[in-house]
Amino acid sequence: MSSQQLPDEPVYDDRVYRSPMAIVTGVLMLGMVAWLCGDAVLRGEGSTRWVALAIAVCAVPLIVAFTFRPAVFANDDRMRVRNPFRVIELPWAAVDAVRAGYSAEVLAEGSTYQLWSVPVSLRERKRVQRPAGRRGGLTGRGLSPDPAPAGAAVDEPPRAGADKVVDELRELAERGATRAGAQGEVRVRWSFEIIAPAVIGAVALIVLLAIG
């Protein structure tokens, strides 16, 4: 009797990881650009209006790139990392490691890709580790922690937000590496829809300042 390979389980919707603080920052920065540049366009004279437009054309794509755009999409087969200027698609079989040191990173095929949407906060990491250190600290005059009651569940140590995300991604990578849909090579695509308008705005600004 020949053995048959069981089909993969269905792929569910992507988990999406973003930085709420980055989105809030992006909203504030876009509002400031709209206010300053809009005022210059409406009230400015001569080349001031064109300079303001060039600044807006250059600044808006960069603000979007570094605040709204970064995201990590992960499902059972692969992870898609959307950074400011690149999109990296990584099948789980190609992923060597996911880690969070001073920044969250994924290692694949000899290259390291940073996860811009998963910022690592050393302050948050220290803050969540402090209560755990107190709970597991030494008590009384002895040099041993309080023993846990027999059969009691041991609480897992608290984790910072970035570390929790990395743990989830690492679990998905380990679980999905053998899936048929998780095979393949890493693919990298440059985001020219962000790069092109930013370059055009920067060149226009330089020209206007040069001839002004």
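The values are calculated or read from the model by the stated rules, or taken from the named source; none is laboratory data. Nothing here was measured: the structure is a model prediction, and the numbers come from that model. Backbone-built Cβ (ideal geometry, glycine too); neighbour counts: all protein chains shown. Just the protein is used for accessible areas: all its heavy atoms, side chains included, with ligands, DNA and RNA removed. Shrake-Rupley method; radii C 1.70, N 1.55, O 1.52, S 1.80 Å.
Quickly run through the range 179-193 and pick out the residues that are of a type in the set (S, T, N, Q) and within 20 Å of A71 (Cα to Cα). Step through it out loud before you land on a result.
Within the range 179-193, the subset of a type in the set (S, T, N, Q) is 183, 191.
Within the range 179-193, S191 is the sole residue that qualifies.
Please state which one of V64, V120 is under 17 Å from the mean Cα position of the chain (by Cα) and at pLDDT below 95. Before you say what the answer is, go through the steps one by one.
Working: V64 fails: at pLDDT below 95.
When all the criteria are applied, what remains is V120.
As an exercise: evaluate A97 against (1) among the hydrophobic types (A, V, I, L, M, F, W, C); (2) out of contact with any Ser or Thr (no Cβ under 6 Å at 6 or more places or on another chain); (3) surrounded by 15 or more Cβ atoms within 10 Å (Cβ to Cβ) and give the number of the one condition it does not meet.
(3)
Can you tell me which residue is nearest to P61 (Cα to Cα) among those in the range 180-212 that are open to solvent by 30 Å² or more (accessible area, probe 1.4 Å) and not in a helix (DSSP H, G or I)?
Filtering first and then ranking leaves W190.
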